[in-house]
Every structure is written in structure tokens, then in C-alpha cells.
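The values are calculated or read from the model by the stated rules, or taken from the named source; none is laboratory data. Predicted model only: the values in this text are computed from it and were never measured. Neighbour counts run over all protein chains shown; Cβ positions are idealised from the backbone, glycine included.
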Amino acid sequence: MEEERGKVRALIEMATNSTEREVDPRLLKAIKYVVRYSDPELRLAAQTLMDLMKRDHSQVRYLTLLIIDELFMRSKLFRTLVIENLDQLLSLSVGFRRNLPLPAPPAIATILRAKAIEFLEKWNATFGVHYRQIRLGFDYLKNTLRFHFPNLQANAARIQQERREREIKTKEILRNKFETLGQNLSTIKEEIQSTIDEIGECLDIIRAKEENMALAPLDDDDFEEFRSSELRQIRLDSLKEGEKVHENNDNTVVFDALRELYKLLMTKHMGSVQESISVLIRVEVPDNRLRDSMLKELIDIRNRLVLVKKKCEESGCALATNVKEEEEEDFWEEGKIGPTEKGSSSTPSKPKQKLQNLAVASTSGEIKNEQSDNNELRKTDSNSPRSKLLSEAPVVEWGSFLGNWGLDRDFMANQRGLELENHWGRVDYDAVIPAEKIAELNLQATFYKEEPVEIQPCRAPLRKGGLCQRRDLKVCPFHGPIIPRDDEGNPINQKNPSSDENPSSDENPIQKNSLIDDETSLDLGSDLSEQLAKQAIQNVRDREKEEGRKRKIDKQSLNRAKLAKVREHNEAVLRDAALASTSRSEAVGEDIDVTNGKKSSTRNKKKTLAFMLRKKVTTKDRLAQRLLNTRARDATTRQLTMGEEETYRENFPNQW
Amino acid sequence: MWKQIGGREAGQIRPNSFSNRVKSNRVSSLQLSNYKDIVSPHRGSINSLQVDLTEGRYLLSGASDASVAVYDVQRATDYEGDGLIAKHKSIVVVDKQHEQGHKYAVSSAIWYPIDTGLFITGSYDHYVKVWDTNSTQVVMNFKMPGKVYRTAMSSLATSHMLIAAGTEDVQVRLCDIASGAFAHTLSGHRDGIMTVEWSTSSEWVLVTGGCDGAIRFWDIRRAGCFRVLDQSQSQLGRRPPLLERSALNKVSTSKSSSGGQNLSAKSRPQQRKSTNGNGIKQSPIGRIPAKASVRQRLHPGMLSGQDRATAHYGAVTGLKVTDDGMYLLSAGSDSRIRLWDVQSGCNTLVNFETVRLQTSKAIQLATSQDPALVFVPCMTAVKAFDVWSGKTHMAFRGHYEYVNCCWFSSQDQELYTGGSDRKILVWSPSRLISDELVDHLVSVAFYFTFHFNFYLCALKL
């Protein structure tokens, strides 16, 4: 027994003698295990723990408090033992007495205090009813000392309460709905019934007409052609399609009515029935029988609706599918054209073509036809602007941003539906990403993608037999340029005896080129497209050449014009200079001077430019300096501009 | 328990002793009551507690936030925790908002001893007020010369309605409710009077304890005090057995009639004084005859060195006369509790194992009769000492701050304590009897249900 006793004490001391934030779980388990089976052990443990609480170190107290909490929540005896000295325990753990503050490491002391308060709150919530002391301590700390309790329990209770209220509210709403449903059920039923009846009538009318029409059986004639079951299936489908009543001028009205009724049935009645079924399933009412009967009725109605729908679709399949899948088909229209065309070119599927034959001529034609049909059927123009829009709509890679396509609004940054605890600080739930920023973020990068090019094999016949399988872009190094050839390797577009020449490996490609050119010029019928392309290239090249020539001519003329301009400018300058010099040199005899000047200018023209320039400048300067002293301003300005002029002259020696 | 009931049934145990046994059992199992909460409306430390003496039902509390409240301790106002916890809310509150309320701390609140229609409060705002409980209006106002520390009314008075008030002032004043004036002014203390207590054996005798450490006995019919307790005058242990005393009483009956009806304990010394000069004390030691003679000589108008005797070093903070009126318990700021023999005026030298007592405030002691216990507020705990041995019988820990007052209700065997933490705690006997009863009932019920089920099964078969 003594050993045992020592054991608890040793365990507790070991557990509290650590720097961890938690008690070692293994030790804790051991303590609990030891204490569970003997009361004296527990008493000793309580004693030891209270002693440890008096230690002058917050860490020890903290760990001790954790152990105390563990035992406190589990053992009644321990509770009674601890509670006798609860005030002491509290003063040691909370440190509310001024003369007994918490001991040394202040960081741990604050943790200790927070933990103690939290524990006290927990204890009060759990055992407060049974222990006056706990209530007292809690009350004292809370109301007298005004300690701030974390209030975990109350918060949890509040949340619970809110949730309950919400549930009650939804229940209330459901009950209201149920009541209104109970009142409205008969009218709904009537409406649905009338719609169904009308649909039935319409169907009857159509069927009656159909019976009148003789159906031409197509079954037997080319049945053996279908090789695979798949094809047969398609065939059968097409036959069925054929069997169906097709709309014509006679029954358009009936079909319209039917379609309308169908739409009404699907959108309004089906929705309302589904909704009321869900309401009935969720609602909680004291009287279950009524609800069950209503539910049963509604399910019946729904089944009937489904039946009618099916019937509708069967009878007026075109209508049903058209109405239903119209959107989709429109949407995928462009995508569909590609494969069908490709299919027609590469592996033409006969049954499909047959089917098309049944309906209309070609695939593209079918679609067009269908569109026109639609237009006819619905008598609306919504299709044409739609297709127009579709044709000019940008093709975009799929992405989540498409969900917000065209929305020009701000986004909440921190409300993504995920409860993300931010570990880096507070979360601003009202943060907003402006619309411009969103647009910027959603800007899609487009990547250049090279068109996959099918490189054709050379297919030139080899000497050892077989065809050359080399794949080159344009020119095979052994067989020259790659040209379309038939199965034996003869070039297709050459009907002439050149077929003998072709296989020769050492043929000059250039010669070949010219040859081909000749050939293309010779015949156009063999491969029209290629011919055309070549012609186009030729044309383009010609045009380019032409343009180049023109450009050259333009350049020359431009140069010429420039030179002419320069010359003109020079002349103008010379004239000015001449004028100026004459006017300044002889200010008095103007009349004569003018004529003289003119003469001189004409005379000057004939002299060489450089000579004239030099001479003119010097004279001008000299005259200006000598004669026009009074006009000092002019002179200075001229002097100032002199430098500029000089550089100018150097740069443009032939222009003034 | 059941054995005792059986004995009582058979007449082997007298009714009195039976009830005493039950009571003492209960008292010895006092603990913090979990099922009785008194919701205190006070926002300050509680200075005074008293259960009314007539019904034992209404608890009066006075607190230092100038509020007074009355609670019904028998009937709870509401319940909590599935009816487990009975909450006793105040039925009457008088606080500062009341237009006639006290301005400062209420230091003392006592019931009018005859009924619960009146109560008296004394406050630090120098007033003693008499209140009508039903209308919560002030009936009477006494202006005191200083802070009122304690008021007291005699529980056995039939010929007077005097409130003894101990104040900062050195004089004890007796306020007469009948006339609304001061009937007496008792001077003798040299400092403020912390505590006042009427004798439980004579309606004329008043005991006062002052800050000067003196405990004085006053006979209000005469001038001056007739006894000052001296801590150095002591006797060992209890008084000699009753037989001797009764013999003595018989010897000295000649003058006892003059002392009034039942002031035997107190009047005895006087008689002895007159009869035999130096045999003033019944103390077995009986030393210092000289001093006794001095005291005898000086008694009526008493002004002497003996007058300066002190009962405690420091102030006397609490006084309590035992229910039989033969002993006086006093607590002092020297952290001592002394038990005095009222008849001889001697310190009985009982060593109470107190740790510390509150020194700054008057404390209110309580006693229980049968297991003779005294309840003393010792700092944050209340301790129950055996009166004769001074041994700690129980310790009641529950308050988080100093306990100022306690009251033992001998009718319910419940202890009420009030402290500076604004709480009034109820300490009641653990529900031994009821628990036993419940257990018994449960077992019986189980037995019956078991059999019932058995019968049901049989019927089904």
C-alpha cells in the first residue's frame, strides 16, 4: 500500500515536473488508472495536488491545475475533497488575492489564470447545481471581482437557440405551405386534369389524321444493305421517325396547341407538383393521415403527368425533341457541322446519308432545314438574331469565370462559401474586389496553337517496289516535290507521259517545278482547287511584283520631287538674299535697284550655288556691319543666328 | 436516529433530551447549504445579521452600502436547478435610494425583540433609525454624536424599550423608543464603543466593549458601571458545579429581591460584597484580596485604578453573552477570544485556537446552546469553538473575503454568515434525516413496484 501511495505522488510529481503546455498523456492516464480503483489513492492525489498548487512556480501550478481538472470532471470524491478548499485553489490558480499574486513566469501565469477561469466556468456549468462552493466561487469572481469569463457555454447555448429558432421558423413556413396546399389541392388537380384532357384530345385528333394517311412501308427494299446492328438501329430509328406524324399545314394548329399544353404541363404543373411533394415530405404535422393521402394523390398525379409527357413525346416526337432540345441543338450547331462534313469527306457513312436522304439532302442542308422548320413552327424571329449573335460570339476556353459572364458587379473577397479560419489575423468579411479587377483577373490568355498539319507521304514508287513513305513538308530529297499520286505512285494531275519521268530519282526539282507550272497552265480540270490556289498565288505574286515596281517608281518620283523642292527652296533663298543685299546697299534709289536686283538675281541664278552662297554671305555681313550700325539689334540677332546657320549649312550643303 | 425515536416512543428518553440530541446531531453536521441560497442585494460588505427572535423566520442584514434587507429564510421565493436550489430573495430592501435611508454604511441592524414590525439600524452617518417593517418607513430617528458601531436591544426587557448604541463617542447612549429621546448616557469608556450587548439574564444589565479594550457592565438603574473586566483576573475552568452555587444562593437570598426578578447571576457579587467583605470572588484561586477590597470600596461611583482594567489588548471587537447569561465571550483585536464568567468577572483562561481575527471592524459572534459552541468569524472563515475547551470544532470556509458577522438560528440549527464578499451564506445540517427517509421510501417503493411487476407478470401468464 505504501508503495502504491508513493506511486501516485511520484506520478503526479513527474507529470507536473515538465515545461510542456500539456500534461504528458501517458502519465495522466497512469494517474487516472491508479486513482480509479482506490479512494485513499485519490485522497492522497488530492492532497498532493493541493500541495503542488502551493508551489511557487506557475508552470507547476498550471500542470497541476490540468490534472485537477481531469480528476475533477471524473470523480465525485475528488470533487468533494477539492471543493472544501476551493477558495484556496482559486486564489492559487486565479491569483485574485492581492497579497497572493501568481508566481514567477508571468506568461505562464496569465495562461494559468485564463485556464483556471475557464475551468471554473466549466465546473460551474457542469456541477454548479450540486456544489454551492463552485457557484459561490464563480459568482464571486464574476460579479464581485468582475473577472471576464469566456462564456463558452452561453455562446454555445445561444447558437443552439438560434438554430432551433430557425428550424421552428422553417417548420412554420412549411406548415403554412401545407395548409395552403391543402386548400389549393383540388384546384390544382382540376387544372392538371383539364390540361391532360386537352392534350389527350389533341393527340386523338392527330392520331385520327394519321390513320387516314397511308404509310408507305419502306422496310423491305434495302434491308440487306445494313451490315452492322448499329446501322440497323439507325435505320429503325429513321423508320420510326418516318412513321411519326409530321406536321403539315393541316394540323399546325393542333400541334401548336399541343405544344403549348405540353409546355404548360412541363413548366407549371410538373414544377408545382414536385414542389408540393417536397413540402409534404418535409412538413411535420400532427395529423399524418391527411398528409399521407395528399402525398399519395400527388405522386399519382405526377406519375400521370410523366405518362402524358411520354405520350406526347412519342406521338409528336419532333415537337417534343424540338421543343426540348432546341436550345441545345442551336448551341451545338456549329460544332456539329464540322464532324459531319469531315465524315462526308473522309468516310462517308451510307446509312446516315440515307437517313439524310429520307429527310433532306445533305447534313448542312438538314440543319438549315431544321432551322427553317423551327422558324416555321414557332413563328418567331428569335432564332435569326440568336444565330447571328452566335456567329459573332467569341470562342472562349471553358473556365469557371464563365459562370460570371457579363456580370458587372463587385465580388465579396472573403465569402467564398468556405469557412476558412484565417491564421494570419482578422478576416474582413466585407472586403470587396471591384468589378474592374475581376475583369482584369478573368482576362483569358490565348495561346497560339499550330494547326495540325497532316504531312503527306511522298508515295513515289521505289525501285524495289512499294511507295516512298518519307514524309516531307514540300520536297522529298529523293523524289522531288510532293505531289498527289495515285495508288501506284503516279502523279495524279499529270496525264501526260511525264508519269514515266516522275519516278526517276535524279530529276532536277527546278525543272520539275517549271514542268508543273506548265502543266498547271495546261490543264485546270484535274485538280481544280490546287490549280486555283496556284493561280491565286501567282496572282498575289504578280500583284506584289507590280506593287514593288510601283513603289520603286514612287520612290524615284518622290526623290525627284524632293530634289525639285530643295532646288526651289534654294532659289527662293537666293532671291531673298539678293533682294536684301540690294535694298540695304542702296537704300535711296529704290526703283532702279529693284530692277537691278532683279537682273542681278537672274544673273546670279546662273552662277554656281556654292560660289554664290559664299559671296552672298560675306557681302551681306560686311554690308550689314558697315552700313547699318544704327540697327544694332538686327546685327546682333544675325550674329547670334550665324552659328546655327553654319551648322545648318554643314549638314545640308546643298540646301540653304 | 431511529433507535432514539424508538426510545422516545417507549418513554425511555425525555422529550427535552431527545430534542437536544437531535439538535446537537444536526449542529455537529453543519455544512454549506447547497439547497438554500440567500440572494443578497447588497453591494458592500455585510456587517450585521440577525434572525428575528419571535418567529425565527426573517433574516435582517445590514451592509456597508447603506442597505438593509429582510429575507424569509423559511420560504423560498423561487427555485433553481429543478427545484433543488431554493433561492431566498430579499422581501424588503432599504438602500440609498430610499429617501429616508442611511447615507453611509449600516453597521448594525437588529430586530425589535418583541415582534418583526420594527427594526433598528445604526449607521456610520451618525443616525440610529427605527423602521416600520411593513411600510419600510422610518418611525424614529436618533442623532448620535459619531459613527454608530453597534446597537442592541434587550431580548428580555419588559419594562423598557431602550436601544443601546455604541458609537465613536466614549459614551454609550440609550435611546428610548417610547419617548424618542436619549434615556441615558453612560460614560466610562475612554474610547469609542465597538460593541454593545444586553445581558440575557437581566433586562437591566448592559455589557459594552470599547476600543480602549475594556468591557464594562452597566446596571441601567444606577449611575456608572459596576464592573470592568480584567484579563489578569482569572479563574481556571468552569464555575463550580451547580449544587454549590445553589447552596451559596440560598445563603445569600436576603437581598436578591432588590435586584429584580432574574438577575441572579449578576446580583450575586453585589450581595457577596455586602455580606462578606474579602470573599468577593467565587474563584477557586481567590488571590489578591487587597485589590478586591479596593474594588469593593470604589464600586458605586467607581473612579480608580481598577477602572482602568482591560479585557483585551487593543479594542474589544465582539461580545456575546451565552444564552443562559452566565458567561460572556469577547473577541478582541489582539486576535483573542476570552470566556468570562459573568458572576465572578474572571477570565476563565480558555485557550481558543484562533488564528487571526479581523481587527478593524466589529465582528458579530454567535453561540449555540447545546453543544456549547461559539461561532467566530476568523478572517475568511468562520470557526466553531467548543466554549469550554476552546478546541476548534468546525471551520466553515466559503467566503472569499473577510467574514464580519454570523448568526446562529437555534430554531433551525442553521448558521448564517455574512462577509465582505457581499454574500450571505447559509450553513445548515446535512439532510441526514430526510436522506434516510428518502432512502427508506425509495426502498419501500422499489419493493412495491417489484411486487407489482411480479403480479403483472403472473397475470399475463
**Complete:** Conditions (1) part of a loop (DSSP other than H, G, I, E, B); (2) under 24 Å from the mean Cα position of the chain (by Cα); (3) in contact (Cβ under 8 Å) with a residue 40 or more places away in the chain -> B:Asp125 fails only (2)
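Is it true that A:Ile117 is buried (at least 20 other Cβ atoms within 10 Å of the Cβ), farther than 30 Å from A:Arg282 by Cβ and touching a residue at least 40 places away in the same chain (Cβ under 8 Å)? Don't jump to the end; show me each part of the working.
Working: buried (at least 20 other Cβ atoms within 10 Å of the Cβ): yes; farther than 30 Å from A:Arg282 by Cβ: yes; touching a residue at least 40 places away in the same chain (Cβ under 8 Å): no.
The answer is no for A:Ile117.
Given A:Phe78, A:Phe147, which one is within 14 Å of chain B (Cβ to nearest Cβ), of a type in the set (Phe, Trp, Tyr) and touching a Phe, Trp or Tyr at 6+ places or on another chain (Cβ under 9 Å)?
Values: A:Phe78 fails: within 14 Å of chain B (Cβ to nearest Cβ).
The unique qualifying residue is A:Phe147.
Limited to the stretch B:61-110, what total is found for residues that are part of a loop (DSSP other than H, G, I, E, B), more than 14 Å from every other protein chain (Cβ to nearest Cβ) and over 25 Å from B:Met140 (Cα atoms)?
Of the residues in that region, 5 qualify.
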**Prompt:** Which residues, taken from the stretch B:154-191, are more than 21 Å from the chain's Cα centre (by Cα) and part of a loop (DSSP other than H, G, I, E, B)?
**Reply:** B:Ser159, B:Glu168, B:Asp169, B:Val170, B:Ile177, B:Ala178, B:Ser179, B:Gly180, B:Gly188, B:His189, B:Arg190, B:Asp191
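Just checking, does the stretch B:139-147 include any residue being among the β-branched types (Val, Ile, Thr) and not in a loop (DSSP other than H, G, I, E, B)? Step through it out loud before you land on a result.
Looking only at the stretch B:139-147, we keep the residues that are among the β-branched types (Val, Ile, Thr), and these are B:139.
From the residues that got through so far, the ones that are not in a loop (DSSP other than H, G, I, E, B) too are B:139.
Yes, the conditions are met somewhere in the stretch B:139-147.
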**Request:** Quick one: in the stretch A:133-144, of everything that is more than 58 Å from the chain's Cα centre (by Cα) and at pLDDT 85 or above, which residue is farthest from the other protein chains (Cβ to nearest Cβ)?
**Result:** A:Ile134
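Would you tally the residues in the stretch B:39-51 being closer than 23 Å to B:Lys129 by Cβ and within 14 Å of chain A (Cβ to nearest Cβ)? Give the steps one after another, and end with the answer.
From the stretch B:39-51, those closer than 23 Å to B:Lys129 by Cβ are B:40-51; that's our starting set.
Next, only the ones that are within 14 Å of chain A (Cβ to nearest Cβ) stay: B:40-46.
Total meeting the criteria: 7.
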**Prompt:** Does the stretch A:85-100 contain at least one residue that is in contact with a Gly (Cβ under 8 Å, 6 or more places away or on another chain), modelled with pLDDT of 85 or more, surrounded by 15 or more Cβ atoms within 10 Å (Cβ to Cβ) and away from chain B (no Cβ under 14 Å)?
**Reply:** no
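Report whether or not B:Thr54 is over 30 Å from B:Thr317 (Cβ atoms) and more than 14 Å from every other protein chain (Cβ to nearest Cβ).
No.
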**Request:** Look at B:Ser330 and say whether it is within 27 Å of B:Lys147 (Cβ to Cβ), more than 14 Å from chain A (Cβ to nearest Cβ), of a type in the set (Gly, Ala, Ser) and in contact (Cβ under 8 Å) with a residue 24 or more places away in the chain.
**Result:** yes
**Request:** Determine the pairs where a residue that is within 8 Å of another protein chain (Cβ to nearest Cβ) and over 9 Å from B:Val426 (Cβ atoms), located within the stretch B:23-38, has a partner that is outside any loop (DSSP other than H, G, I, E, B) and among the hydrophobic types (A, V, I, L, M, F, W, C) with Cβ atoms under 9 Å apart, the partner being 6 or more residues away or on another chain.
**Result:** B:Asn34/B:Ile85
**Fill in**
Per the filter on the stretch B:53-103, residues touching a strand residue (DSSP E or B) at 6+ places or on another chain (Cβ under 9 Å), among the charged types (D, E, K, R) and closer than 24 Å to B:Ser420 by Cβ are B:Asp65, B:Lys87, B:Lys89, B:Asp95, B:Lys103
**Prompt:** What pairs come up if the first residue lies in the stretch B:43-59 and is more than 22 Å from B:Asp95 (Cβ to Cβ), the second is in a loop (DSSP other than H, G, I, E, B), and their beta carbons are under 6 Å apart, counting only those six or more places apart or on different chains?
**Reply:** B:Leu53/B:Pro113; B:Leu53/B:Ser155; B:Thr54/B:Asp115; B:Gly56/B:Gln411; B:Arg57/B:Gln74
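Can you pull out the residues in the stretch B:388-428 that are of a type in the set (Gly, Ala, Ser) and in contact (Cβ under 8 Å) with a residue 24 or more places away in the chain? Break it down stepwise before answering.
So in the stretch B:388-428, the residues of a type in the set (Gly, Ala, Ser) come out as B:389-390, B:395, B:398, B:409-410, B:418-420, B:428.
B:Ser389, B:Gly390, B:Gly398, B:Ser409, B:Ser410, B:Gly418, B:Gly419, B:Ser420, B:Ser428 - these are the residues of the stretch B:388-428 that are of a type in the set (Gly, Ala, Ser) and in contact (Cβ under 8 Å) with a residue 24 or more places away in the chain.
For the stretch A:18-38, give me each residue that is assigned to a helix (DSSP H, G or I), surrounded by fewer than 12 Cβ atoms within 10 Å (Cβ to Cβ) and of a type outside the set (Lys, Arg). Quick ask: steps written out before the conclusion?
Here is the first cut: in the stretch A:18-38, the residues assigned to a helix (DSSP H, G or I) are A:25-36.
Narrowing the set further to residues that are surrounded by fewer than 12 Cβ atoms within 10 Å (Cβ to Cβ) leaves A:25-26, A:33.
A:Pro25, A:Tyr33 - these are the residues of the stretch A:18-38 that are assigned to a helix (DSSP H, G or I), surrounded by fewer than 12 Cβ atoms within 10 Å (Cβ to Cβ) and of a type outside the set (Lys, Arg).
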**Prompt:** Counting just the residues of the stretch A:394-416 that are farther than 16 Å from A:Lys437 by Cα and assigned to a loop (DSSP other than H, G, I, E, B), which one comes out farthest from the chain's Cα centre (by Cα)?
**Reply:** A:Gln415
**Prompt:** Scanning the stretch B:368-379 for residues that are without any contact (Cβ under 8 Å) to a residue 60 or more places away in the chain and surrounded by 22 or more Cβ atoms within 10 Å (Cβ to Cβ), which turns out farthest from the other protein chains (Cβ to nearest Cβ)?
**Reply:** B:Val374
